[in-house]
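A short write-up of the structure that comes next.
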Amino acid sequence: MQKKLFYCGCLMLLSEIWKQYTLTFIIGHGTYNWWYFPFQLCSIPMYVCLVFPFLSSERIQGMLLTFLMDFGLLGGIFTFFDTTGMYYSLPALTFHSFAWHILLIILGFYAGLTGRADESWKGFAGSAAVFLACCLLATGFNLAFYPFGRINMFYISPHYRMGQIVFRDIGRMFGNGAAVTSYLLAILTGAGLLHLAWKCRHRKAVLP
């Protein structure tokens, strides 16, 4: 399992390097576009897969598998509810975007089916802590790199109004802070519901 996740992470990393090169030198003519800096929610599974084999703690491994089956799976699925951001002027980049998010769904199910993810609510709390830590890092990137160009990791930058469907309407009515807060709460709730579904599946599997 560890090797499979690592190989998958390497494949994702190579494809991400190709994407960054293409966006910078073919489409951007040598100018880096910070909007595509690889630290969105849907980028995190790549880093999880790359570091997974180097973690000796089974508890941390279980926590990261839980993150993949909750938040990674959620990110892969819900991206297809609004695919406008997945289309590029170059068809190969569009294909990469769709393939990437399909892979997130596959990874999420794989992590959940390994039997090593923590399906308890304590396990969900651990995966939520990983998500919130990534949100803090994303905020750091948004603030640190903003002077160099447009950057909006996790779509929570204070420099831009929320652009995600539904939540942008909340922003218009109640302000951007309310939009960002409701957006993060919705992600936590969605991941929690997926976690509950995994728990229910496990209970059915152990019933005589």
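Taking the criterion of being open to solvent by less than 30 Å² (accessible area, probe 1.4 Å) and either among the basic types (K, R) or without any contact (Cβ under 8 Å) to a residue 60 or more places away in the chain (or both), the residues of the stretch 57-73 that qualify are Q61, L65, L68, G72. If the condition is being within 15 Å of the chain's Cα centre (by Cα), open to solvent by less than 30 Å² (accessible area, probe 1.4 Å) and among the hydrophobic types (A, V, I, L, M, F, W, C), then the stretch 9-56 contributes M12, F39, L41, C42, I44, M46, V48, C49. The number of residues in the stretch 156-185 being more than 20 Å from F141 (Cα to Cα), outside any loop (DSSP other than H, G, I, E, B) and open to solvent by 50 Å² or more (accessible area, probe 1.4 Å) comes to 6.
In this structure, S120 qualifies as open to solvent by 30 Å² or more (accessible area, probe 1.4 Å) and either out of contact with any strand residue (DSSP E or B) (no Cβ under 6 Å at 6 or more places or on another chain) or modelled with pLDDT of 95 or more (or both).
Determine, yes or no, whether T139 is surrounded by 15 or more Cβ atoms within 10 Å (Cβ to Cβ) and either more than 16 Å from L188 (Cβ to Cβ) or β-branched (V, I, T) (or both). Taking the combined requirement at face value, the residue satisfies it. Taking residues in the stretch 78-89 that are within 19 Å of I105 (Cβ to Cβ), and partners anywhere that are surrounded by fewer than 12 Cβ atoms within 10 Å (Cβ to Cβ), the pairs with Cβ atoms closer than 6 Å and at least 6 places apart or on different chains are D82/I165.
The single condition from (1) farther than 30 Å from W121 by Cβ; (2) touching a residue at least 60 places away in the same chain (Cβ under 8 Å) that I44 fails is (1). Can you name the residue in the stretch 74-110 that is closer than 16 Å to W198 by Cα and out of contact with any Pro (no Cβ under 9 Å at 6 or more places or on another chain) and, of all such residues, is least open to solvent (accessible area, probe 1.4 Å)? Among them, the one singled out is L74.
The values are calculated or read from the model by the stated rules, or taken from the named source; none is laboratory data. Since this is a predicted model, take the numbers as computed values, not measurements. Please note: Cβ atoms are built from the backbone with ideal geometry, for glycine as well, and neighbour counts cover all protein chains shown. Please note that ligands, DNA and RNA were not included when accessible areas were found on the heavy atoms of the full protein model with its side chains. Shrake-Rupley method; radii C 1.70, N 1.55, O 1.52, S 1.80 Å.
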